[in-house]
Amino acid sequence: MVLTGGGDCPGLNAVIRAIVKRASQESGWEVLGCIKAFDGILNEPTELVLLDEAKVAGIHYQGGSIIQTTNKGGPFAWPVKKHNGEWEYIDRSDEMIRKIQYLGIDAVINIGGDGSQRISQKLFEKGLNIIGVPKTIDNDLSATDSTFGFQTAIQEATSAVDKLVTTAASHNRVFILEVMGRDAGWIALNSAVAGGAEVCLIPEIPYDISIVKSKIDARFHRDRGFAIVVVSEGAKPKHGTVVGQKADEIGYENVRLGGVGFKLAEELKQAGCEHDIRVTVLGHLQRGGVPIAYDRVLATQFGVKAMELVLNGEFGCMVSYRHPYITSVTLQDAIQKPNLVTLDTALIKTARGVGINFGDDTIAYEE
Ligand code: F6P
C-alpha cells in the first residue's frame, strides 16, 4: 500500500509510478493506493485503489498526487467531534494496523515529510512493515542530500525574481518576494542567488531592519535604482516572532505562516525607507504544477528504491539520496534533526561573496 502525506510536492506522482512499475516486474505483487494519506484506510468504507501500470502511465510529469494527500489529522490524532461540538483527537493507530493486516497488506510505503516520517517510525515501533520516502519542497530533511520538489520550487521562485527585476527596474522600486520555507530558508537562499537579489531573509538568520534598509538604500542613487528582497515565510526580525495565524482547520496543527513580506514593507517604511515598495507572495505556485526533470529523476529513483526495500524486507527505513548513491537510513535516524541553513553553509558564503545581504552584520565574504 502506498500513500502520500503532508503538503503536496512536485514529483509525488513520479514516485508512485516508479513503485508500481518496479513492483510489476515481480510476480505476486499488487500496489494499492490509499486515498488522502492514512484517511483512506481509516475511513469507512475504506478508500483504496488498485494502482496498475495503466493507472500510472504518463503521470510522472503531473503535479499533485493522484491519490491525494492531507496535512491534517492522522492515525495518532484522528479528529472526532464531541457532543458539545468541540473536537478531540484520538489514537486509532492500533485499529489501523489491525485493518492493514486483516486486508493482507504486506507493506506500506509512506511518501511524506518529517511529520509523516515521525508517524512512520511510531507505526514501525508498533510492528507495521513500513518504508518512508522523503518529500518536501523546503528541503528540510537532513537524512538525504536532497528531496524531490525542491528544485522545482527554486525554479518557480527564481522565475518570479526574474520577472520582478524587470518591473522593479522600470519603476525604480523595492520588490519583496515572499517564498515558502517554514523553518529552513533553502528556497529563498537558492532563488536569491539564482535571481541576483540584493537581500535574502531566512528563518535561520533573524534580521535587523536598519541593516536591510541600508543595503537597499545603497542600491539607489538619487531616484534611480531598484532592489529585490527574497524573504522566507518563516523569517523573523531580531527579538521578533514569525508572522502567521493559528489555522481554524480541524486537525491542522501548524501555525499557518504568511504575511512577513507585508510586515517587512511596513518595517522598512517605519525605518525611513523612502522608496516605493511592492510585495509579491508566491505561495502555492511554487508547490503545484509540473516537476522539472531533476525532480522527476530523483522521484523515480526514490520510488524504485522504496520498492526494492520492500522486496528485501528492509522495513523501518527511509529512502535517502547520498551522492552518488540512492540508499536508505533508519526512520529513527531520519527524524533526528532538520536540515537548516547554517552560517557556514557554502551557499551562504557564495551569496555574501556576490553581495547578498541577510539582514545581519556580517557583510564581508569570509573564508
Ligand atoms: O512544508 C512545506 C510547506 O510548503 C511550508 O513551506 C508551508 O508553510 C506549508 O507547506 C504550507 O502548507 P499548506 O498551505 O498546505 O498547509
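The numbered conditions (1) touching a Cys at 6+ places or on another chain (Cβ under 6 Å); (2) farther than 21 Å from ASP344 by Cβ; (3) hydrophobic (A, V, I, L, M, F, W, C) are all true for ILE216 except (1).
With the condition kept exactly as written, say whether any residue in segment 81-103 is assigned by TED's automatic domain parsing to the domain that holds THR136, in contact with an Asp or Glu (Cβ under 6 Å, 6 or more places away or on another chain), open to solvent by 20 Å² or more (accessible area, probe 1.4 Å) and not in a loop (DSSP other than H, G, I, E, B). Within segment 81-103, not a single residue is assigned by TED's automatic domain parsing to the domain that holds THR136, in contact with an Asp or Glu (Cβ under 6 Å, 6 or more places away or on another chain), open to solvent by 20 Å² or more (accessible area, probe 1.4 Å) and not in a loop (DSSP other than H, G, I, E, B). The residue of segment 172-203 that is farthest from VAL161 (Cα to Cα), among those that are away from the ligand (no atom under 14 Å from the Cβ) and in a loop (DSSP other than H, G, I, E, B), is ASN172.
Only residues that are within 21 Å of THR166 (Cα to Cα) and either in a strand (DSSP E or B) or out of contact with any helix residue (DSSP H, G or I) (no Cβ under 7 Å at 6 or more places or on another chain) (or both) were counted across segment 221-257, and they come to 10.
Could you please let me know if ALA153 is part of a helix (DSSP H, G or I) and crowded, with 24+ Cβ neighbours inside 10 Å? Here the answer is yes, as ALA153 does meet what is asked. Of the residues THR300, THR327, only one is free of Cβ contacts under 8 Å to residues at least 24 places away in the same chain and closer than 24 Å to GLY149 by Cβ; which? Exactly one of THR300, THR327 is free of Cβ contacts under 8 Å to residues at least 24 places away in the same chain and closer than 24 Å to GLY149 by Cβ, namely THR327.
Here's the yes/no breakdown for (1) open to solvent by 50 Å² or more (accessible area, probe 1.4 Å); (2) in contact with a strand residue (DSSP E or B) (Cβ under 8 Å, 6 or more places away or on another chain); (3) within 20 Å of GLY11 (Cβ to Cβ); (4) not aliphatic (A, V, I, L, M):
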residue: PRO237; (1), (2), (3), (4): no, yes, no, yes
residue: TYR252; (1), (2), (3), (4): no, no, no, yes
residue: HIS275; (1), (2), (3), (4): no, yes, no, yes
residue: ARG278; (1), (2), (3), (4): yes, yes, no, yes
residue: ALA299; (1), (2), (3), (4): no, no, yes, no
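Across segment 115-143, the number of residues qualifying as assigned to a helix (DSSP H, G or I), within 11 Å of the ligand (Cβ to nearest atom) and polar (S, T, N, Q) comes to 1.
The residues listed here are GLY58, GLY64; of these, the one that is part of a loop (DSSP other than H, G, I, E, B) and free of Cβ contacts under 8 Å to residues at least 40 places away in the same chain is GLY58.
Quick grid of which residues meet (1) surrounded by 24 or more Cβ atoms within 10 Å (Cβ to Cβ); (2) not small (Gly, Ala, Ser):
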| residue | (1), (2) |
| --- | --- |
| ILE187 | yes, yes |
| SER191 | yes, no |
| ILE209 | no, yes |
| ASP217 | no, yes |
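Provide a single number: the residues in segment 16-38 that are surrounded by fewer than 24 Cβ atoms within 10 Å (Cβ to Cβ), under 17 Å from GLY64 (Cα atoms) and either charged (D, E, K, R) or within 16 Å of the ligand (Cβ to nearest atom) (or both). Summing the residues that are surrounded by fewer than 24 Cβ atoms within 10 Å (Cβ to Cβ), under 17 Å from GLY64 (Cα atoms) and either charged (D, E, K, R) or within 16 Å of the ligand (Cβ to nearest atom) (or both) in segment 16-38 gives 1. Restricting THR144, THR70, THR136 to those that are in the same structural domain as PHE302 (by TED's automatic domain parsing), out of contact with any Gly (no Cβ under 9 Å at 6 or more places or on another chain) and open to solvent by less than 30 Å² (accessible area, probe 1.4 Å) reduces the list to THR144.
Only residues that are surrounded by fewer than 20 Cβ atoms within 10 Å (Cβ to Cβ) and in contact with a Gly (Cβ under 9 Å, 6 or more places away or on another chain): list them for segment 330-344, please. Across segment 330-344, the qualifying residues are THR330, GLN332, LEU340.
Does ASN13 meet the test of being in contact with a helix residue (DSSP H, G or I) (Cβ under 8 Å, 6 or more places away or on another chain) and within 16 Å of the ligand (Cβ to nearest atom)? It is false that ASN13 is in contact with a helix residue (DSSP H, G or I) (Cβ under 8 Å, 6 or more places away or on another chain) and within 16 Å of the ligand (Cβ to nearest atom).
The values are calculated or read from the model by the stated rules, or taken from the named source; none is laboratory data. None of these values were measured; they are calculated from a predicted model. Note that we place each Cβ from the backbone using ideal geometry, even for glycine, and neighbour counts take in every protein chain shown. Ligands, DNA and RNA are excluded from the accessible area calculation, which covers all protein heavy atoms including side chains. Shrake-Rupley method; radii C 1.70, N 1.55, O 1.52, S 1.80 Å.
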